[in-house]
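Scroll down for the structure; my scribbles are underneath it.
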Amino acid sequence: DAGVTQSPTHLIKTRGQQVTLRCSPKSGHDTVSWYQQALGQGPQFIFQYYEEEERQRGNFPDRFSGHQFPNYSSELNVNALLLGDSALYLCASSAGFFTEAFFGQGTRLTVV
Amino acid sequence: GIQVEQSPPDLILQEGANSTLRCNFSDSVNNLQWFHQNPWGQLINLFYIPSGTKQNGRLSATTVATERYSLLYISSSQTTDSGVYFCAVELRSGQNFVFGPGTRLSVLP
C-alpha cells in the first residue's frame with residue numbers, strides 16, 4: 001500500500017502565477033481533504049472532497065479551488081499567488097467521515 | 001469555533017526520560033488523532049483515539065471525551081522522538097480536523 005502520495009514535493013512560483021497540486025489517496029479511501037501549514041503553525045483546513053464534490057470548506061478565499069476525480073484522486077488549484085501562500089500543503093485521505101485520516105508527505109510551495 | 005489547546009508548547013528531555021503531552025478541546029468531538037510531524041513535514045499517525053486508552057510500544061494515549069482532554073505518554077524517550085506532536089479533533093458536526101498548535105519535543109542524547 002503506497003499510502004497517500006502528493007506531487008510535486010517542492011515548487012517555486014512567482015507572485016501572480018497559478019499552481020496545481022496533486023494528491024492520490026490511500027487505497028480504499030474515498031474522501032480527500034487539503035490543509036495549509038504555515039511555518040511554525042498547525043495545519044489549517046482548506047476543503048474536503050467526497051463523491052467528486054466539495055463537501056466542506058474552511059476560511060480560504062475563492063482563489064483556492066479543487067477537484068476530485070472518479071478514481072478519488074484530487075487536485076488543489078491556487079490562482080493569483082501571493083507571497084503569503086508560501087506554505088506546506090498537506091493532503092489527507094480517509095474512508096468516509098469520522099474515520100482515521102492519513103496524510104501525504106506534503107508539497108512545499110514557495111512564492112517569490 | 002472549537003478551541004484546541006496543547007501543553008506544554010515546548011519540551012526538552014534527556015534520552016530515556018518520560019513525558020506527558022496534553023490536548024484540551026472545547027467541544028464534543030467524533031474523532032481525535034495524535035500525529036508526530038518529522039523534520040521533513042510528514043505527519044505520522046500515532047493514535048486514532050476518540051475515547052479510551054491505547055498503547056503502541058513506548059507510546060500510549062488516553063482520551064476522556066466527557067472531560068474534553070487527551071493525553072499522550074512517551075516513555076524511555078529516544079532522539080528519534082524529537083519533532084512536533086499535534087493533536088487534531090473532528091467535531092460531531094463534521095467540521096473536519098482542527099489542529100492544536102503543537103508541542104515541540106527535543107530529546108537530547
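The values are calculated or read from the model by the stated rules, or taken from the named source; none is laboratory data. It should be emphasised that the depicted structure is a prediction, and the values quoted were computed from it without experimental measurement. Heavy atoms of the whole protein, side chains included, go into the accessibility calculation; ligands, DNA and RNA do not. Shrake-Rupley method; radii C 1.70, N 1.55, O 1.52, S 1.80 Å.
What residues have an amide H closer than 5 Å to that of A:R15, excluding those fewer than 5 places away on the same chain, when H is modeled at 1.01 Å from N in the peptide plane?
Under 5 Å from the amide H of A:R15: A:V112.
At a 1.4 Å probe, which residues in segment A:40-74 are at least 20 Å² less accessible with all protein chains present than in their chain isolated?
A:G42, A:P43, A:F45, A:Q56
So how much accessible surface do A and B hide from each other in total, probe 1.4 Å, in square angstrom to the nearest 100?
Protein heavy atoms only, the A-B interface buries about 1700 Å².
In whole Hz, with x marking every Gly and Pro, tabulate ³J(HN,Hα) for segment B:100-107 from phi via Karplus 6.51 cos²θ - 1.76 cosθ + 1.60, θ = phi - 60°.
These are the phi-based 3J(HN,Hα) values: x, x, x, 10, 8, 9, 10, 10 Hz.
With the full set of protein chains in place, find how many percent of the accessible area of the protein assembly as shown is carbon and sulfur; take the probe as 1.4 Å.
The value for the protein assembly as shown is 48 percent carbon and sulfur by accessible area.
Quick one: ranking B:W40, A:W34 by accessible area, 1.4 Å probe, largest first, what do you get?
B:W40, A:W34
Quick one: which bits of segment A:93-112 get at least 30 Å² less accessible when the partner protein chains are in, versus the chain alone, with a 1.4 Å probe?
Buried by 30 Å² or more upon assembly, which counts only protein chains, are A:F98, A:E100, A:A101, A:F103, A:Q105.
Residues with amide H under 5 Å of A:G106's amide H, sequence separation 5 or more or different chain, H placed in the peptide plane at 1.01 Å from N; which?
For A:G106, the qualifying residues are A:Q6, A:C91.
Probe of 1.4 angstrom, ligands and nucleic acids ignored: what's the accessible area per residue over chain A, in square angstrom?
That works out to 47 Å² for each residue.
Based on alpha-carbon atoms only, what is the radius of gyration of segment B:1-90 relative to the globular estimate 2.2 N^0.38 Å?
1.04
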